[in-house]
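See below for the structure under consideration.
The values are calculated or read from the model by the stated rules, or taken from the named source; none is laboratory data. None of these values were measured; they are calculated from a predicted model. Here Cβ is always computed from backbone atoms with ideal geometry, including for glycine, and neighbour counts include all displayed protein chains. Just the protein is used for accessible areas: all its heavy atoms, side chains included, with ligands, DNA and RNA removed. Shrake-Rupley method; radii C 1.70, N 1.55, O 1.52, S 1.80 Å.
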Amino acid sequence: MSKIRVLLVDDHMVVRVGLTALINAEPDMEVVGEASNGAEGVAVTVAQRPDVVVMDISMPVMDGLEATRRIRQECVTVQVLILTVHAQEKYLFPVLKAGAAGYVLKSTVDTELLDAIRTVARGEAFLYPSATRLL
């Protein structure tokens, strides 16, 4: 069985380091690249063709929503999973409209991120529980 190939896009290096350790500890996943802003994220996605991109929303140069739109246009088979601190309803619908397959809060990364990556890698949607109530 091949591993789920994950790209991390977040402007905070410490977040990327922590997520890399968490993901690479799983036998069925591997981090294949990192980017510190949305523009880099798009370029690395096009070059690496990961299965899943874990993307922050708020970043310099290009935000995660625009990067998600571009990735979905350029690489239709790549799934984007938004990882953010924003739990407000106003962020959920733009994330979905941009083409993201899922939305995970950074506050729940220890309990939901790995399941979310597996879920979107299968082509299914993943939303944190209170987001499904909003829909």
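Positive contributions from Lys and Arg (+1) and negative ones from Asp and Glu (-1), summed over other residues with Cβ under 15 Å from the Cβ of E112, come out at -2.
Do you know the relative contact order of the chain, to the nearest whole percent, from alpha carbon pairs under 8 angstrom that are 6+ apart? Provide the component values of the computation, followed by the final result.
Numbers: 248 pairs, mean separation 26.8, N = 135.
That works out to 20 percent.
Rolling a 1.4 Å probe over the heavy atoms of the protein chains gives region 19-108 an accessible area of 43 Å² per residue.
Using every pair of separate Cα atoms, the Kirkwood estimate puts the hydrodynamic radius of the chain at 14.3 angstrom.
Multiply the residue separation of A21 and D115 by 0.36 nm, subtract the distance between their alpha-carbon atoms, and state the gained length in nm to one decimal. Before the final figure, lay out each step's value.
Working: separation 94, 0.36 × 94 = 33.84 nm, distance 1.57 nm.
Result for the pair: 32.3 nm of gain on full extension.
Solvent-accessible area assigned to carbon and sulfur over the chain amounts to 54 percent, based on a 1.4 Å probe. Backbone amide hydrogens, once placed in the peptide plane, bring M59 within less than 5 Å of G64, excluding anything fewer than 5 places away on its chain. Each residue of region 1-42 gets 45 Å³ once the volume of the Cα convex hull is shared out per residue.
Helix-derived [θ] at 222 nm for the chain: sum -39500 (n - 2.57) over DSSP H runs of at least 4, divide by residue count, nearest 500? All intermediate terms of the calculation are to be shown ahead of the outcome.
Details: 6 runs with 63 residues, N = 135.
Mean residue ellipticity, 222 nm, calculated: -14000 deg cm²/dmol.
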